[in-house]
């Protein structure tokens, strides 16, 4: 643990996570990004606009994913302002918390994007030509990153 | 003087309330703050420290007990505080009905010693069914995990429903866990309801261990015989039943230093001090072991005065010691003779588990499987704090005698690569604390591919879900002869058995399964 992380952690425990932000120290959760395993951290990229209209043509997914729900959830999260952007954003952590809680609450485990196996069955079905497997991979990378971050903060 | 006496009792009560609420929070809180603050409380518990062979904690508690008496039992033991709460229920208010008065009783010395012997033996033999059953902290922990935590979660969820906030995920505990926790807590609570701290003073191995030291404690409850007016208020108030007003001796081996008697004495005859006032009866001070030998005389004298019945004192004391000695000798002898056989039978029973294709996967931080199984006292702290909900209480995965140990169920979830929470929290040394880089190398299992179930092999789908999900980069999709598509191959040097592959595997039954390693 380097000095900055230590300060962040001490600040987080003692005075709440915002205590040292004004002293030029990043909030503790962002300092922890350095600790996330590279495979998880590098897989993440900010998700761009998807524009799914929930026509349900892609359904049923052979692996049980509720594709429209996943895609629409992300678009709505952006619309309502809690879709996490770049990791370096100061409000990444707070947005990520809201995003993750609502994502897990609104979509059952077995229907989440993480079960996509990249089979491509849905690709020709989509009238908007959305690259569904890539989007699924993006959503999975985001949720995985948030999971790891949450486990790191103590 | 009255004031200082009351402040001792008040202090004890306050500390006990704070510790008890922290313990409830430690098991039931869904956030991070209380567990972070309170996790040290689990680590200073005596029984887990003994399981972890953590000499420092153990010795410090012994020294504290030698100085101040068994304050551990009245302030730091969660089950002790729980018993205080239960025993307080019928005795609220200023005037307690005579029906609920406590009375002095002789210690159940042989029962205590036999229990302690059995527990120490099973610590060394690793019979965790016995150790987890007798550890007061674990008894409370199982209650916290199986009853308090789900209840609190549901209450919070009702609140969040009103507030329109995301719902918590309340893991439903196992039926076995709930029933064991509820039954033990009901029994302990009921005995406390009737007889105060009887469990602590006749069954609890921690209480017995501390009693060896506390009988010589420097600060102790002391009765000034010059001031005592024999009103028996203190005896009726003593939940440990350890105040003998005939000889004016407080049995410090059983006294849990609750200070209840101090505030009740109308004449300030009782004080918490290092002086020994009752030296005016020097004979009584020589008695080290009140049960055997000369103690029978004490018993006879006590009965005589208490009941007013004139029995022949010399006759009792002549007949009793021999009888007691023989009986005790026979019981202890029988237990000592039977213990190895029981231990062996228990060991054999533990290894009889239903035939399984694989070994169950333990939480991370396990140095050796045997050590984990022997040391874990199934307190459930790791299970209650697993952020992924992958840990659950085992039923027969490790053998029936090791029920309620934490086991990973990769069909429910998987173990996050960067998470070390369970290992950091474990107080017993069953799981050793890990740094993040250690966790990434800590192998608890090994993934095994059954190609006949894999959809790439059967349907020719280019799946690769396990390979993409593996955080350790241990699975590669490789073309294989006779297969319709590329097959996952596990690099055994990299796989740590986190179970992400098993969780995402789309085929049912799972084509890739993580097995524990022995």
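Note on region B:426-437: among residues that are in contact (Cβ under 8 Å) with a residue 12 or more places away in the chain and more than 20 Å from residue B:370 (Cα to Cα), the one that is farthest from the other protein chains (Cβ to nearest Cβ) is B:435.
Looking only at region B:164-178, decide whether some residue is farther than 30 Å from residue B:265 by Cα, touching a strand residue (DSSP E or B) at 6+ places or on another chain (Cβ under 6 Å) and crowded, with 23+ Cβ neighbours inside 10 Å. Yes, because at least one residue in region B:164-178 is farther than 30 Å from residue B:265 by Cα, touching a strand residue (DSSP E or B) at 6+ places or on another chain (Cβ under 6 Å) and crowded, with 23+ Cβ neighbours inside 10 Å. Of the residues that make up region B:1-13, is at least one touching a helix residue (DSSP H, G or I) at 6+ places or on another chain (Cβ under 7 Å) and at pLDDT 90 or above? Scanning region B:1-13, I find at least one residue that is touching a helix residue (DSSP H, G or I) at 6+ places or on another chain (Cβ under 7 Å) and at pLDDT 90 or above, so the answer is yes.
A search for C-beta distances below 9 Å between a residue of region A:105-130 that is away from every other protein chain (no Cβ under 11 Å) and touching a residue at least 40 places away in the same chain (Cβ under 8 Å) and any residue that is surrounded by fewer than 17 Cβ atoms within 10 Å (Cβ to Cβ) and not in a loop (DSSP other than H, G, I, E, B), counting only pairs 6+ apart in sequence or on different chains, returns A:130/A:123. Could you check, for region B:438-448, whether at least one of its residues is at pLDDT 85 or above, over 18 Å from residue B:517 (Cα atoms), out of contact with any helix residue (DSSP H, G or I) (no Cβ under 8 Å at 6 or more places or on another chain) and not in a loop (DSSP other than H, G, I, E, B)? No; the residues of region B:438-448 include none that is at pLDDT 85 or above, over 18 Å from residue B:517 (Cα atoms), out of contact with any helix residue (DSSP H, G or I) (no Cβ under 8 Å at 6 or more places or on another chain) and not in a loop (DSSP other than H, G, I, E, B). The condition of being under 24 Å from residue A:35 (Cβ atoms) and in contact with a strand residue (DSSP E or B) (Cβ under 7 Å, 6 or more places away or on another chain) holds for only one of B:495, B:466, that being B:495. Restricting B:182, B:148, B:188 to residues that are under 17 Å from the mean Cα position of the chain (by Cα), touching a residue at least 12 places away in the same chain (Cβ under 8 Å), assigned by TED's automatic domain parsing to the domain that holds residue B:84 and exposed (fewer than 15 other Cβ atoms within 10 Å of the Cβ) narrows the list to B:182. For region B:393-425, a residue qualifies if it is farther than 14 Å from residue B:514 by Cα and either within 11 Å of chain A (Cβ to nearest Cβ) or in a strand (DSSP E or B) (or both), and the qualifying residues are B:393, B:406, B:416, B:417, B:418, B:419, B:420, B:421, B:422, B:424, B:425.
Each residue in region B:363-392 was checked for being surrounded by 23 or more Cβ atoms within 10 Å (Cβ to Cβ), in contact with a strand residue (DSSP E or B) (Cβ under 7 Å, 6 or more places away or on another chain), outside any loop (DSSP other than H, G, I, E, B) and more than 14 Å from every other protein chain (Cβ to nearest Cβ), and 1 of them qualify. Does residue B:454 satisfy the condition of being touching a strand residue (DSSP E or B) at 6+ places or on another chain (Cβ under 9 Å), within 12 Å of another protein chain (Cβ to nearest Cβ), farther than 23 Å from residue B:153 by Cα and in contact (Cβ under 8 Å) with a residue 40 or more places away in the chain? Yes, satisfied.
When B:165, B:230 are screened for being assigned to a loop (DSSP other than H, G, I, E, B) and under 24 Å from residue B:107 (Cβ atoms), only B:230 passes. Note on region B:488-504: residues that are touching a helix residue (DSSP H, G or I) at 6+ places or on another chain (Cβ under 6 Å) and within 16 Å of residue B:451 (Cβ to Cβ) total 2. Taken over region B:159-182, the residue count meeting the criterion of being within 14 Å of another protein chain (Cβ to nearest Cβ) and under 15 Å from residue B:149 (Cβ atoms) is 4. Does residue B:196 satisfy being buried (at least 18 other Cβ atoms within 10 Å of the Cβ), over 30 Å from residue B:103 (Cα atoms) and in contact with a helix residue (DSSP H, G or I) (Cβ under 6 Å, 6 or more places away or on another chain)? No, not satisfied. When region A:93-110 is filtered for residues that are surrounded by 14 or more Cβ atoms within 10 Å (Cβ to Cβ) and out of contact with any helix residue (DSSP H, G or I) (no Cβ under 7 Å at 6 or more places or on another chain), the ones remaining, listed by number, are A:94, A:95, A:97, A:98, A:101, A:102, A:104, A:105.
Taking region B:472-506 as the range and being crowded, with 19+ Cβ neighbours inside 10 Å and in a loop (DSSP other than H, G, I, E, B) as the test, the residues that pass are B:472, B:474, B:486, B:495, B:496, B:497, B:498, B:499, B:505, B:506.
Every residue, every condition in (1) under 30 Å from residue B:168 (Cβ atoms); (2) under 20 Å from the mean Cα position of the chain (by Cα); (3) surrounded by fewer than 20 Cβ atoms within 10 Å (Cβ to Cβ), yes or no:
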{"residue": "B:13", "(1), (2), (3)": "no, no, yes"}
{"residue": "B:41", "(1), (2), (3)": "yes, yes, yes"}
{"residue": "B:58", "(1), (2), (3)": "no, yes, yes"}
{"residue": "B:92", "(1), (2), (3)": "no, no, yes"}
{"residue": "B:98", "(1), (2), (3)": "no, no, yes"}
{"residue": "B:106", "(1), (2), (3)": "no, no, yes"}
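The set of residues in region B:457-471 that are in contact with a helix residue (DSSP H, G or I) (Cβ under 9 Å, 6 or more places away or on another chain) and either more than 8 Å from every other protein chain (Cβ to nearest Cβ) or part of a helix (DSSP H, G or I) (or both) comprises B:465, B:466, B:467, B:468, B:469, B:470. Looking only at residues that are modelled with pLDDT under 65 and assigned to a loop (DSSP other than H, G, I, E, B) in region B:341-362, which one is surrounded by the most Cβ atoms within 10 Å (Cβ to Cβ)? Restricting to residues being modelled with pLDDT under 65 and assigned to a loop (DSSP other than H, G, I, E, B), the top hit is B:353.
The values are calculated or read from the model by the stated rules, or taken from the named source; none is laboratory data. Note that the coordinates shown come from a computational prediction; the quantities given were computed from them, not determined experimentally. Backbone-built Cβ (ideal geometry, glycine too); neighbour counts: all protein chains shown.
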